[in-house]
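Enquirer: Handing you a structure now.
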Amino acid sequence: MDAIRAHRSQFFDPNSTEPETMLTSKTYLDEIENRSRFYGSLIGVAAGEPFFVHEALNVSDPFALLTQPMNLYS
């Protein structure tokens, strides 16, 4: 979030006269932070980012993958 906030001029400015966009809405930064907390909660950490793939993953050892400890959502 610190890296994103380093570019604060690109986000909500209560004094701006420009048209509002998704990035300039008052709640946008909170939404990003809440989303990262949600995905982090699924894997037991403070913050996370989802990773989606559209093709098959190359798994060299399926047994090792399926026998490692994991929570319901990982």
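Enquirer: Can you work out the FRET efficiency for the pair ILE43 and ARG8, with r the C-beta to C-beta distance and R0 = 25 Å, to the nearest 0.05?
Expert: 0.30
Enquirer: Next question, about the same structure. Do any trypsin sites (Lys or Arg not before Pro) in the chain lie in a loop, going by DSSP, with at most 16 other beta-carbon atoms within 10 Å of their beta carbon, and if so which?
Expert: LYS26
Enquirer: For the chain, what is the charge dipole size about the Cα centre, in debye to the nearest 20, if Lys and Arg each add +1 at the Cβ and Asp and Glu each add -1 at the Cβ?
Expert: 160 debye
Enquirer: Binning every alpha carbon pair distance of the chain at 5 Å from zero, what are the percents per bin?
Expert: Bin by bin from 0 Å, the calculated values are 3, 12, 16, 15, 15, 11, 9, 8, 5, 3, 2, 0.
Enquirer: Another question about this same structure. Could you calculate the contour length gain from ILE32 to SER16, that is, 0.36 nm times the residue separation minus the distance between their Cα atoms, to one decimal place in nm?
Expert: So the extension gain works out to 3.6 nm.
Enquirer: Further, regarding this structure: Can you work out the Karplus-derived ³J(HN,Hα) for every residue in segment 18-28? Use 6.51 cos²θ - 1.76 cosθ + 1.60 with θ = phi - 60°, whole Hz, and x for glycine or proline.
Expert: Result, ordered by residue: 6, x, 6, 10, 4, 5, 9, 5, 4, 9, 4 Hz.
Enquirer: For the ranges 10-16, 52-58, what's the packing order if you count other beta-carbon atoms within 10 Å of each residue, average per peptide, and put the highest first?
Expert: Descending packing order for the listed peptides: 10-16, 52-58.
Enquirer: Ok, one more. So, R0 is 30 Å and r is the distance between the beta-carbons of SER25 and LEU65; what FRET efficiency does that work out to, to 0.05?
Expert: Efficiency, from the Cβ-Cβ distance: 0.15.
No lab work stands behind these numbers, since they all come straight from the coordinates. Small disclaimer: the values here were computed from a predicted structure and weren't measured. Glycine gets a Cβ as well: all are built from the backbone with ideal geometry, and neighbour counts include every protein chain shown.
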